[in-house]
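Scroll down for the structure; my scribbles are underneath it.
The values are calculated or read from the model by the stated rules, or taken from the named source; none is laboratory data. Predicted model, so just to flag it, every value in this text is computed and none were measured. Cβ coordinates were reconstructed from backbone atoms using ideal geometry, including for glycine residues, and neighbour counts include every protein chain displayed. Ligands, DNA and RNA are stripped out before the accessible areas are found, and what is left, the full protein with its side chains, is counted by its heavy atoms. Shrake-Rupley method; radii C 1.70, N 1.55, O 1.52, S 1.80 Å.
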Amino acid sequence: MLTLLLWAAIPSLSLLWWLSVPKEEKALSQTTFDDPAVCAMIIACTGYDCSSDRNTINNVQSRADPNQRLVRTFGIDNAFTTIDENYRKDFRSHAKEKITLDDRRWKTIADLARQLVGTAIPQPGSDIANIRLDSLAQSVTLKISLHILFDRNPFQLDEEVILEIARTINFLWTESKSTIDPSGADRERLRRALGLIFPGVGLTARQNPLNLILPAYETLWRVILLCFIEVTFRHRARAEWKQVLNDFLADPTNAHFEERGPRPGAVSAADIINEALRLYPPTKRVYRKFHIAGKTDPEMVAANIEACHRNPAIWGSDSWLFKPSRWRNIGNEARNAYMPFGGSTFVCPAKQDFGPRMIGVIVAALVTHILQCDWKLELCVGGPNGGEELSREEPLVSDRNNYEWIEISRRLSHS
Ligand code: HEM
């Protein structure tokens, strides 16, 4: 009966949600900027041109306002959504503490990643011959994130619950960007699935585990997936890259991550991951609310990180190409235009080490397994471009829902 009542309440809750969206937020004009110097100013919440006209909204508010969609959709209260500067700083320190790992811990995480991929990919002789690539990347990333951030044993996490959480987060994330009311039923599904992993946690906004899960899982899984596809299936140099990643997984220290082999032109694991973050920055745009002194209305502005990362005037005429060797000689202009972890004021605590190295470990675990077992990419019927884009010399489409149709399948001995 109670369930029936709850279901019946959903349409009216939707209406309430829409009414609760501040009117001003619905109507703000929005401009997107592509120039790296301007993008850096936007990220720092200061302004968007060289005039002395400055944003009058304080930094935390300027960043929090565009993120209120995440509060409504996921019920979170974290560094991205708060206007309380002390809470933001504490949250950042707490996150930083969680993701600061010594080399011994990195070794454990690398072994864990290898085992998780090994368990997810069916063994020879199994009836299962195909697996969805996006599910694989999501499941391994989410399990490792839950282990590092909340000490959960990844082998005790139910696969169905993990995929339910992963898929519902993606779905809700996409919905939260549109003007459509995020579905109450989907939010409830997510809440219930999280309750199975965090029993008894009262989901007040500050206790919500999504506060940490979202910045970690949401940023990591897609770049892991796309880097894995680039390295494993798309390029002639892939044998060398696979070897570099394979060696890194065996010894996942920071020194090894940065190390280039003796061969002329050799690349490091860090070069491969930097290139993936350049071509496929998980945060494609950083949004701020501005009210420029002297202007009547506030406005929404966006720094287009993806455009900065692909600008041929900065990166060369092959800016669209996945080319880790470009990181061997990177100039200042390119370095300044590279902002996958944001920039000054709110720079990501995972920038220095955790983010790139974690991508490296999970991609390496996937690549190493695929090296050992003979798998190939399989494009499912009904994919948007019939898989054409995989062979095109263009970046892969990086939208969240574009990879539902790619599977890997076991190569038959005669093929
Ligand atoms: C590849 C992985 C990651 C990428 C690309 C990334 C990207 C970003 C970006 C672009 C920002 C700035 C947002 C803004 O200016 O509005 C940011 C901030 C932040 N990130 Fe990450 N992130 C990653 C991983 C992580 C992880 C694993 C955590 C830990 C849970 C994390 C926690 C945070 C926090 C707490 C902030 C806010 C910092 C502040 O307010 O001072 N990120 N991240």
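Which is crowded, with 17+ Cβ neighbours inside 10 Å and modelled with pLDDT under 95, of Pro215, Pro182, Pro199? If you could, list the steps in order and put the result at the bottom.
Values: Pro215 fails: modelled with pLDDT under 95; Pro199 fails: crowded, with 17+ Cβ neighbours inside 10 Å.
Step by step, each of Pro215, Pro182, Pro199 is checked, and only Pro182 is crowded, with 17+ Cβ neighbours inside 10 Å and modelled with pLDDT under 95.
Quick grid of which residues meet (1) of a type in the set (Phe, Trp, Tyr); (2) away from the ligand (no atom under 16 Å from the Cβ); (3) within 17 Å of the chain's Cα centre (by Cα):
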residue	(1), (2), (3)
Ala313	no, yes, no
Gly316	no, yes, no
Ser319	no, yes, no
Lys323	no, yes, no
Asn332	no, yes, no
Tyr338	yes, no, yes
Ser344	no, no, no
Cys348	no, no, yes
Gln352	no, no, yes
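Would you mind listing the helices (runs of 4 or more DSSP H) fully within region 201-251 where at least 1 residues are among the hydroxyl-bearing types (Ser, Thr, Tyr) and closer than 19 Å to Thr73 by Cβ? It would help to see each step written out before you state the result.
Numbers: elements: 210-213, 219-229, 238-250.
Those helices (runs of 4 or more DSSP H) span 219-229.
Filter region 42-55 for residues that are open to solvent by 40 Å² or more (accessible area, probe 1.4 Å) and closer than 24 Å to Ala334 by Cα; which is nearest to the ligand (Cβ to nearest atom)?
Thr46
Filter region 36-58 down to residues that are in a loop (DSSP other than H, G, I, E, B), out of contact with any His (no Cβ under 7 Å at 6 or more places or on another chain) and not hydroxyl-bearing (Ser, Thr, Tyr), then give me how many there are.
Narrowing region 36-58 to residues in a loop (DSSP other than H, G, I, E, B): 44-54, 56-58.
Right, trim to out of contact with any His (no Cβ under 7 Å at 6 or more places or on another chain) and you get 44-54, 58.
Cutting the leftovers down to not hydroxyl-bearing (Ser, Thr, Tyr) gives us 44-45, 47, 49-50, 53-54, 58.
Counting residues in region 36-58 that are in a loop (DSSP other than H, G, I, E, B), out of contact with any His (no Cβ under 7 Å at 6 or more places or on another chain) and not hydroxyl-bearing (Ser, Thr, Tyr) gives 8.
Considering region 294-311 alone, what residues qualify as being farther than 30 Å from Pro262 by Cα and within 16 Å of the ligand (Cβ to nearest atom)? Give the derivation first.
Going through region 294-311, the residues farther than 30 Å from Pro262 by Cα turn out to be 294-308, 311.
Listed by number, the residues that qualify are Met300, Val301, Ala302, Ala303, Asn304, Ile305, Glu306, Ala307, Cys308.
Return the residues of region 264-287 that are of a type outside the set (A, V, I, L, M, F, W, C), open to solvent by 10 Å² or more (accessible area, probe 1.4 Å) and either assigned to a strand (DSSP E or B) or modelled with pLDDT of 95 or more (or both); say none if nothing qualifies.
Asn274, Pro282, Thr283, Lys284, Arg285, Tyr287
Which ones in region 289-324 are assigned to a loop (DSSP other than H, G, I, E, B) and either at positive phi or charged (D, E, K, R) (or both)?
Within region 289-324, Gly294, Lys295, Asp297, Gly316, Asp318, Lys323 qualify.
Could you please find all residues in region 294-309 being out of contact with any strand residue (DSSP E or B) (no Cβ under 9 Å at 6 or more places or on another chain) and crowded, with 20+ Cβ neighbours inside 10 Å?
Filtering region 294-309 down to residues out of contact with any strand residue (DSSP E or B) (no Cβ under 9 Å at 6 or more places or on another chain) leaves 294-297, 308-309.
Matches in region 294-309: Cys308, His309.
Please find, within region 79-102, the residue that is surrounded by the most Cβ atoms within 10 Å (Cβ to Cβ) out of those that are within 8 Å of the ligand (Cβ to nearest atom) and among the charged types (D, E, K, R).
Once the filter is applied, the top-ranked residue is Arg88.
Return the only residue of His291, His235 being more than 16 Å from the ligand (Cβ to nearest atom), in contact (Cβ under 8 Å) with a residue 60 or more places away in the chain and closer than 22 Å to Thr368 by Cα.
Details: His291 fails: closer than 22 Å to Thr368 by Cα.
Checking each option against the conditions leaves just His235.
Considering only residues that are open to solvent by 10 Å² or more (accessible area, probe 1.4 Å), outside any loop (DSSP other than H, G, I, E, B) and either hydroxyl-bearing (Ser, Thr, Tyr) or at pLDDT below 95 (or both), which ones fall in region 340-374?
His369, Ile370, Leu371, Gln372
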